[in-house]
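The values are calculated or read from the model by the stated rules, or taken from the named source; none is laboratory data. Keep in mind that this is a model prediction, so the values were computed, not measured. Cβ placement follows ideal geometry from the backbone for every residue including glycine, while neighbour counts extend to all protein chains displayed.
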Amino acid sequence: MLNEAGGVIDDLIIYRLSDDELMIVVNASTRENDLKVLKERISNATLEDKSMAYAKLDVQGPKSKEILAKYFDVDLDSLGFFSFVQTKVFDSECLLSRTGYTGELGYELYIDAETSVKLWDALLADGAKPAGLGSRDILRLEMGYSLYGNDLSETITPLEANLGKFVNLKREYFGKDALAKQKSEGLTRILLPFKTTTRRSARKDFEVYQNDKKVGFVTSGAFSPILNVGVGLAMIDIEGFDKSQSIELRDTRSSIEANIVSLPFITK
Amino acid sequence: MKKFSESHEWVEIEGEVASVGISSYAVEQLGDITFMELPDLDMELSKGESAAFVESVKAASDIYTPISGTVIGVNEDLLEAPEALNADAEGTFIFKLKVSDVSELDSMMSQEAYDTYKETL
């Protein structure tokens, strides 16, 4: 969802539940503003904030299908990537979606809060491991997925975030004119993936230098336990930048050598 | 017998040589350690000076030497496998010093005093 300058108000997902019903899933931290913007922009529909009624469980990993099959009367083999079913678990409504933020086989489940606790306990008893945001951040970063607040924000457009392949300039929507203009004028900066040359990791807001000249800033960074180096994304000024030359990621204390790479960081 | 500093380093002396590491509490706060920078051999360090540097999944932190001395050894295994500290912080030294002033240990905390100190944090 974009502002008029093409910047990102939020990175969200929309489920078409029926011909006239949409479920919009937003970032918790931007929920209030998202609701305000949606109310301002939508006049031909009623909007209900059901955030407090739902919990969302992400079950991700190679065994996720196997472990969920026990609880769902759904043919999980026929649930394709980026599709969903409205079904039940423990006799309660559940929207089961084949989506995720980890790059692994996985599912996102929308259930009422009480049932979600029951399912959580059951899955853990079956051998699923609880994972925190730290590990989730490494997984999504290893895939090169953007995180709102870091790689996307009100001052970063999807084109600058290198998501141009998801931008449709033929439709009409808030921010589209700004994006079309940005595209025709050419981007001045772009989000690029990098790998460090040691085990050191850069973090958000580290400055990026090339040949002792500041060329940008890090938007996301973490240590990849699979690659044993730091990985991350940085917003780089295009003019004069040489992708084939190494860069330095600096904060007040350190300077870390890195190189621009292409995604994916990890191939299966 | 270990002595502890308020910044969660420990020292164990054997004759003139001190081994220095960080406490289990420190390692717990840091989370999974991903990178370590060790001091150079022969480096002269003064009490309180930054001697090493640790990066974890959550944070980056300096490690300060609790006592003065000359660096005579470093735990090179930590360069490739810093997670060894997560496995056994108080059994894993980071660097060794030839101690210049043994009396500096007098102001450090015993295990008991450190345990009490931790409860105030």
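With the checklist (1) closer than 20 Å to B:L105 by Cβ; (2) at pLDDT 95 or above in hand, flag the one item B:E37 doesn't pass.
(1)
Return the residue satisfying two criteria in turn: it lies in region A:56-83 and is surrounded by fewer than 16 Cβ atoms within 10 Å (Cβ to Cβ) and charged (D, E, K, R), and of such residues it is farthest from A:L17 (Cα to Cα).
Here the answer is A:K63.
Which condition from (1) under 27 Å from A:V26 (Cβ atoms); (2) within 14 Å of another protein chain (Cβ to nearest Cβ); (3) at pLDDT 95 or above is the one that A:R136 breaks?
Result: A:R136 passes all but (3).
Check every one of the strands (runs of 3 or more DSSP E) wholly within region A:61-128 and list those with 3 or more residues that are touching a helix residue (DSSP H, G or I) at 6+ places or on another chain (Cβ under 8 Å) and within 30 Å of A:I266 (Cα to Cα).
A:106-112
Tally time: how many residues in region B:40-74 are in contact with a strand residue (DSSP E or B) (Cβ under 7 Å, 6 or more places away or on another chain), part of a loop (DSSP other than H, G, I, E, B) and either within 14 Å of chain A (Cβ to nearest Cβ) or surrounded by fewer than 23 Cβ atoms within 10 Å (Cβ to Cβ) (or both)?
Residues that pass the stated criteria total 8.
Between a residue in region A:199-214 that is over 13 Å from A:I247 (Cα atoms) and more than 14 Å from chain B (Cβ to nearest Cβ) and any residue that is assigned to a loop (DSSP other than H, G, I, E, B) and of a type in the set (G, A, S), which pairs come within a Cβ distance under 8 Å, given they are 6 or more apart or on different chains?
none
Quick one: which residue in A:S78, A:S92, A:S64 is of a type in the set (G, A, S), under 15 Å from A:K118 (Cβ atoms) and more than 19 Å from the chain's Cα centre (by Cα)?
On the way: A:S78 fails: under 15 Å from A:K118 (Cβ atoms); A:S64 fails: under 15 Å from A:K118 (Cβ atoms).
Going through A:S78, A:S92, A:S64 in turn, the sole match is A:S92.
To keep it simple, each residue is scored yes or no on (1) loosely packed, with under 13 Cβ neighbours inside 10 Å; (2) within 12 Å of A:F194 (Cα to Cα); (3) modelled with pLDDT of 95 or more; (4) among the β-branched types (V, I, T).
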residue	(1), (2), (3), (4)
A:N211	yes, no, yes, no
A:F217	no, yes, yes, no
A:M235	no, yes, yes, no
A:E248	no, yes, yes, no
A:S254	no, no, no, no
A:V261	no, yes, yes, yes
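Quick check on region A:7-55: of everything there that is of a type in the set (S, T, N, Q) and more than 24 Å from A:F166 (Cα to Cα), which residue is nearest to the chain's Cα centre (by Cα)?
In this case the residue turns out to be A:S51.
Just name the residue that is surrounded by the most Cβ atoms within 10 Å (Cβ to Cβ) out of those in region A:84-132 that are over 19 Å from A:K63 (Cα atoms) and of a type in the set (V, I, T).
Looking at residues that are over 19 Å from A:K63 (Cα atoms) and of a type in the set (V, I, T), I get A:I111.
Kindly provide the set of residues from region A:13-41 that are in contact with a strand residue (DSSP E or B) (Cβ under 8 Å, 6 or more places away or on another chain) and either in the same structural domain as A:F174 (by TED's automatic domain parsing) or assigned to a strand (DSSP E or B) (or both), ordered by number.
Correct list: A:I13, A:I14, A:Y15, A:R16, A:L17, A:L22, A:M23, A:I24, A:V25.
Taking interchain pairs and intrachain pairs at least six residues apart, which have beta carbon atoms under 8 angstrom, with the first residue in region A:1-28 and without any contact (Cβ under 8 Å) to a residue 60 or more places away in the chain and at positive phi and the second of a type in the set (K, R) and part of a strand (DSSP E or B)?
Listed pairs, sorted by first residue: none to list.
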